[in-house]
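Here's the structure we're looking at; comments come further down.
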Amino acid sequence: MKLIIANPSPYARKARVALLEKGIDCDIVVANPWLPKTAVAGINPLGKVPTLVLDDGAVVHDSKVIVEYLETLGLPPVLIPADPQNRIAHKQIEAIADGICDAVVLTALEGARATDKRSVAWLERQSKKIVEGVAELERLLGARDSFTDSGFGLAEIATVCALDYIDFRFPQYHWRTRAPGLVQLHGNLSQRPSFSGTKPQPQVLPGL
Ligand SMILES: N[C@@H](CCC(=O)N[C@@H](CS)C(=O)NCC(=O)O)C(=O)O
């Protein structure tokens, strides 16, 4: 099995953390999806990472589907609980966390444009999604150490990946001052080898 990633990608990191948590052996191939000759060209029609290539050549993407696929292998720990209520809660939180990452990506891409070509209204729109997304994650977590009574899983993985991605690409947004519960969660989980070994690393962004 081969997982094509980019070092900064929070979506790829979700898949990497799931692999490490489950102890699944998988080759990691680092690509830059923004380059014309990227390793995902011709494999993933969207040209995005993460992309998982199975031993029989079958291709699985995007990150949500990859984590679902890994879950079907039946290896512990369970990251997406089977019971419908907790399952939807984990998927809902993943959607919010990924949505925050989408807004951070769009902010970074807009920021890479020449100053006179940037849209302030667009940047404000994305910033609102980040602020309100973090506030919602904080509200959903409350004073607990996991989002649901099923404990550590997809929701916590997606959340930590999103928070680290904010720090990486959008450090001017100080989420820690507004989300004490998330600070606690992030502090507890960051020490796990699956997170400490997959922190986002820089990559060249396109000049669009
Ligand atoms: N919804 C996708 C998002 C993946 C994504 O946007 N990946 C970015 C890197 S962080 C990418 O490959 N971008 C290249 C492009 O959009 O052409 C997922 O969850 O996997």
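Brief remarks follow.
- Residues located in region 98-113, provided they are touching a residue at least 40 places away in the same chain (Cβ under 8 Å) and more than 10 Å from the ligand (Cβ to nearest atom): Ile100, Thr107, Ala112, Arg113
- Note on region 8-31: residues that are under 18 Å from Ile100 (Cα atoms) and either among the polar types (S, T, N, Q) or surrounded by fewer than 23 Cβ atoms within 10 Å (Cβ to Cβ) (or both) amount to 2.
- Members of region 109-131 found to be surrounded by 14 or more Cβ atoms within 10 Å (Cβ to Cβ), closer than 27 Å to Glu156 by Cβ and not aliphatic (A, V, I, L, M), listed by number: Gln126, Ser127, Lys129
- Tabulated pairs, region 173-197, first among the polar types (S, T, N, Q), second in a loop (DSSP other than H, G, I, E, B), C-beta under 6 angstrom, 6+ apart or interchain: none
- For region 24-48, a residue qualifies if it is aliphatic (A, V, I, L, M) and more than 9 Å from the ligand (Cβ to nearest atom), and the qualifying residues are Ile24, Ile28, Val29, Val30, Leu35, Ala39, Ala41, Ile43.
- Residues in region 47-84 that are without any contact (Cβ under 8 Å) to a residue 12 or more places away in the chain and loosely packed, with under 11 Cβ neighbours inside 10 Å: Asp56, Gly57, Ala58, Thr72, Gly74, Ala82, Pro84.
- When Ile93 is tested against (1) more than 15 Å from the ligand (Cβ to nearest atom); (2) of a type in the set (Val, Ile, Thr); (3) within 30 Å of Val29 (Cβ to Cβ), only condition (1) is not met.
- Test result for Arg169, buried (at least 19 other Cβ atoms within 10 Å of the Cβ) and charged (D, E, K, R): yes
- Just so you know, in region 172-184 the residues that are part of a helix (DSSP H, G or I) and not hydroxyl-bearing (Ser, Thr, Tyr) include one that is surrounded by the most Cβ atoms within 10 Å (Cβ to Cβ), and it is Trp175.
- Test for Ala39: is it buried (at least 18 other Cβ atoms within 10 Å of the Cβ), of a type in the set (A, V, I, L, M) and at pLDDT below 95: yes
- Odd one out for Val17 among (1) among the aliphatic types (A, V, I, L, M); (2) away from the ligand (no atom under 11 Å from the Cβ); (3) assigned by TED's automatic domain parsing to the domain that holds Ser146: (3)
The values are calculated or read from the model by the stated rules, or taken from the named source; none is laboratory data. Note that the coordinates shown come from a computational prediction; the quantities given were computed from them, not determined experimentally. Don't worry about glycine lacking a Cβ; one is built from the backbone with ideal geometry, like all the others, and counts go over all protein chains shown.
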